[in-house]
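Everything on this sheet refers to the single structure shown next.
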């Protein structure tokens, strides 16, 4: 089982079948493409090699080079990123034994920042209440709400207001 398997498998099942520890599995804020209908959110998954020997991680490149496109004014989703000990890992190519493989040494952690989906429609037309809800749920940061949706969110009261259209 590789890191991408944990995206669709329960942590308990993944860990029991490997010598890997899932240190973090959470949604990745600001990964869904801005749009009237925001693109789906990617995940941040951090996996540590808890064995006494190196583990091999197979890396696949497409979502790292080509983001999910937005449609009808929607913007693309975030690209996938891979890191070992917070250092970027090239998503493809000859690294160790076979093309696309990286070695994860004992104790090291691999972080997968999964891609997000593209948005649909103009982000400035997203309903104000939906932008506020996205910020409250952690799908969109307050900075991205302002930058991408033209909405200032007051997080102390969970209210939003539209900013001037010239942002």
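The values are calculated or read from the model by the stated rules, or taken from the named source; none is laboratory data. In this text the structure is predicted, and so the values were computed from the model without any measurement. Glycine also receives a Cβ, built like all others from the backbone with ideal geometry; neighbour counts cover every protein chain displayed.
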I need the full set of residues from region 7-24 which are in contact with a helix residue (DSSP H, G or I) (Cβ under 6 Å, 6 or more places away or on another chain) and either assigned to a loop (DSSP other than H, G, I, E, B) or at pLDDT 90 or above (or both), in order please.
22
Within region 15-26, the count of residues that are under 30 Å from residue 127 (Cβ atoms) and buried (at least 16 other Cβ atoms within 10 Å of the Cβ) comes to 1
Taking region 138-167 and keeping only residues that are in a helix (DSSP H, G or I) and under 19 Å from residue 120 (Cβ atoms), one is left with 144, 145, 147, 148, 149
Somewhere in region 117-133, is a residue at pLDDT 95 or above, surrounded by fewer than 16 Cβ atoms within 10 Å (Cβ to Cβ), out of contact with any strand residue (DSSP E or B) (no Cβ under 7 Å at 6 or more places or on another chain) and within 15 Å of residue 28 (Cβ to Cβ)?
no
When (1) at pLDDT below 85; (2) surrounded by fewer than 18 Cβ atoms within 10 Å (Cβ to Cβ); (3) part of a strand (DSSP E or B) are applied to residue 4, the one that fails is (3)
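Residue-by-condition table, conditions (1) exposed (fewer than 13 other Cβ atoms within 10 Å of the Cβ); (2) closer than 18 Å to residue 111 by Cβ; (3) modelled with pLDDT of 90 or more; (4) over 14 Å from the mean Cα position of the chain (by Cα):
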position: 31; (1), (2), (3), (4): no, yes, yes, no
position: 44; (1), (2), (3), (4): no, yes, yes, no
position: 48; (1), (2), (3), (4): no, yes, yes, yes
position: 54; (1), (2), (3), (4): no, yes, no, yes
position: 71; (1), (2), (3), (4): no, no, yes, yes
